[in-house]
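Here the structure comes first, spelled out in structure tokens, and everything after it is commentary.
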Amino acid sequence: MESISTQHLTGIKNLTSQDVELILSTAVQFKEIINRPIKKVPSLRDVTIANLFFENSTRTKLSFELAEKRLSADVINFSSSGSSVSKGETLVDTANNILAMKVDMIVMRHPYPGAALFLARELKKYPKSAHAQIINAGDGTHEHPTQALLDAFSIQQSCGDIAGKKVAIIGDIMHSRVALSNIYCLKKMGAEVTVCGPPTLIPKYIASLGVKISHNLMETLKWCDVANMLRIQLERQQLKYFPSLREYALHFGLTKKKLNVLNRPITIMHPGPINRGVEITSDVADSGHSIILEQVENGVAVRMAVLYLLAGKTQF
Amino acid sequence: MDTKLLLDSRHLNITIDRLCYQLIENHHQFDHTVLIGVQPRGIFLSNRIHKRLCEILGRQDIKYGKLDITFFRDDFRRRDEPLIPSETDIDFIIEDKNVVLIDDVLYTGRTIRAALDAILAFGRPRNVELLVLVDRKFSRQLPVQADYIGDTVDAITSQIVKVQWAEQEGTDQVLLYTPIKS
């Protein structure tokens, strides 16, 4: 039988399509488990996991913590505010200190792109920390692999096979780690992907990843089976990329009126947090074709699958 | 490998019939009893037992579920091969029910230990019994024994007992493989 090909999950880019399939098929079993009266299994009872969050998070942090607890792992949480990071400690020192407390896995969110990959490489140099497994919970504008996996899983659960599906990723593609991980993941699974947004928010070379580019929301909606709406990441924007949020909402915001023109249902996704009235209106976000809350539920199952499969790569 | 046929298709089906009648002796109409097959290999036997019981008793509503025990195993991270889960399909609560666990081969007893752990997620059963097609003697690592046994085999650790099913391998038979000493 197959096992996952990697020790760390730093991004979707270095996973094989078999890895993605294995994670998604394992997540099916975990979804059944988290819908039982007793939602806990003992698989990771001898594993200790540290959640290192150097950047704000609600969903991802809670989702990882729940996934870890439902696998019976011991969990410690760390956030950079109120820690020694503000006293000048480096990332590698922080990680080494946490690992010295006999921690097996690190789930990390960091504002810098490549932070998870950097940590995975650096820790190999320290014999006492080389065993540790790193899971990227979002690194700046780079990747957010578990989000892409849960998005793929949600598409699979609500629309069936991913291969051949037409998926549109709409919004701030430039600053979105969700967009990049989703593109890698969906392409590996055989979906067609279009990115849509204002020209200033589409990276110049994104077409080299095999995606189509559109600046017209209506055309994109007419084409797609699934629309994944992204938030405008104002906190990462140093420049003005469009005149106003109001103008952005007018051209790229998803409304009931625009969907009604299509005469066929499309599946609506959003990784959260939602800015209601900007990229998506409330009536669309809360409609029957929106699977936004299913994505959140599936997130726990997919993260359980990732933790389980990675932990299975190590020996007791 | 030296191969010995323990049960052929005819004997295997006679054995399944006998196991069904033994179950009926104790559980009558199965009003308070549920059948739980253990994934992955116990399912072929539990499918047959369920089907045959429905035929004999003339009812289709005997409760039957499939249990995957992967996440309750005690050898996770202690073996080289990965443990890949199968489907669990139990759409009822087993609270206060008589549970009959069904597996093909009883060997070390560790699968059944995990199954006993896993089944508690669906409620507290009144009692749990174990039905196996083949009981391998001399190799138990835990204090586990079956209540209904198809056949008992004296097999040492180096030998392999393989139950084959028409649905999977094309033939119903039970084989004993013995490695040939060089």
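The values are calculated or read from the model by the stated rules, or taken from the named source; none is laboratory data. Predicted model, so just to flag it, every value in this text is computed and none were measured. We place every Cβ from the backbone using ideal geometry, glycine too, and count neighbours over all the protein chains shown.
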Return yes when B:ARG59 is within 14 Å of chain A (Cβ to nearest Cβ), basic (Lys, Arg) and over 13 Å from the mean Cα position of the chain (by Cα) and no when it is not.
-> no
The residue that is surrounded by the fewest Cβ atoms within 10 Å (Cβ to Cβ), considering only those in the range B:114-132 that are within 14 Å of another protein chain (Cβ to nearest Cβ) and closer than 22 Å to B:LEU19 by Cβ, is B:LEU116
Subset of the range A:1-40 (residues that are at pLDDT 95 or above, in contact with a Leu (Cβ under 6 Å, 6 or more places away or on another chain) and assigned to a loop (DSSP other than H, G, I, E, B)) = A:THR10
Taking the range A:139-170 on its own, how many of its residues are crowded, with 24+ Cβ neighbours inside 10 Å and farther than 25 Å from A:LEU310 by Cβ?
-> 4
Would you kindly identify the helices (runs of 4 or more DSSP H) lying entirely within the range A:86-170 that contain at least 1 residues that are over 24 Å from A:ILE183 (Cα atoms)?
-> A:91-99, A:115-123
Long-range neighbours under 8 Å by Cβ, at least six apart or interchain, first residue among the basic types (Lys, Arg) within the range B:86-99, second modelled with pLDDT under 95 and part of a loop (DSSP other than H, G, I, E, B) = B:LYS97/B:GLY123
Would you confirm whether any residue within the range A:33-40 is closer than 30 Å to A:GLU2 by Cα and crowded, with 19+ Cβ neighbours inside 10 Å?
-> yes
Residues satisfying the stated conditions in the range A:283-316, i.e. of a type in the set (Phe, Trp, Tyr) and in a loop (DSSP other than H, G, I, E, B) | A:PHE316
Members of the range A:104-119 that are touching a Ser or Thr at 6+ places or on another chain (Cβ under 6 Å), crowded, with 24+ Cβ neighbours inside 10 Å and of a type in the set (A, V, I, L, M) = A:ALA116
When the range A:44-59 is checked residue by residue, the ones that are at pLDDT 95 or above and hydroxyl-bearing (Ser, Thr, Tyr) are A:THR48
Could you please give the count of residues in the range A:5-24 that are free of Cβ contacts under 8 Å to residues at least 40 places away in the same chain and within 8 Å of chain B (Cβ to nearest Cβ)?
-> 0
From the list B:ALA146, B:ALA118, B:ALA114, which one is assigned to a loop (DSSP other than H, G, I, E, B) and under 16 Å from the mean Cα position of the chain (by Cα)?
-> B:ALA146
Of these, A:ASN51, A:ASN77, which one is in the same structural domain as A:ARG303 (by TED's automatic domain parsing), touching a residue at least 24 places away in the same chain (Cβ under 8 Å), surrounded by 18 or more Cβ atoms within 10 Å (Cβ to Cβ) and outside any loop (DSSP other than H, G, I, E, B)?
-> A:ASN51
Identify all residues within the range A:283-316 that are touching a residue at least 60 places away in the same chain (Cβ under 8 Å), surrounded by fewer than 20 Cβ atoms within 10 Å (Cβ to Cβ), within 14 Å of chain B (Cβ to nearest Cβ) and not charged (D, E, K, R); write none if there are none.
-> A:THR314, A:PHE316
Scope the range B:30-68; condition among the aromatic types (Phe, Trp, Tyr) and either surrounded by fewer than 19 Cβ atoms within 10 Å (Cβ to Cβ) or at pLDDT 95 or above (or both); matching residues | B:PHE44, B:TYR64
Selection count where residues are at the interface with chain B (Cβ under 8 Å from one of its Cβ atoms) and either over 18 Å from A:PHE64 (Cα atoms) or among the polar types (S, T, N, Q) (or both), scope the range A:26-37 = 4
Name the pairs whose Cβ atoms lie under 6 Å apart, with the first residue in the range A:198-217 and in the same structural domain as A:GLU279 (by TED's automatic domain parsing), the second outside any helix (DSSP H, G or I) and hydroxyl-bearing (Ser, Thr, Tyr), and 6 or more positions between them or separate chains?
-> A:THR200/A:TYR241; A:LEU201/A:TYR241; A:LYS212/A:THR194; A:SER214/A:THR194
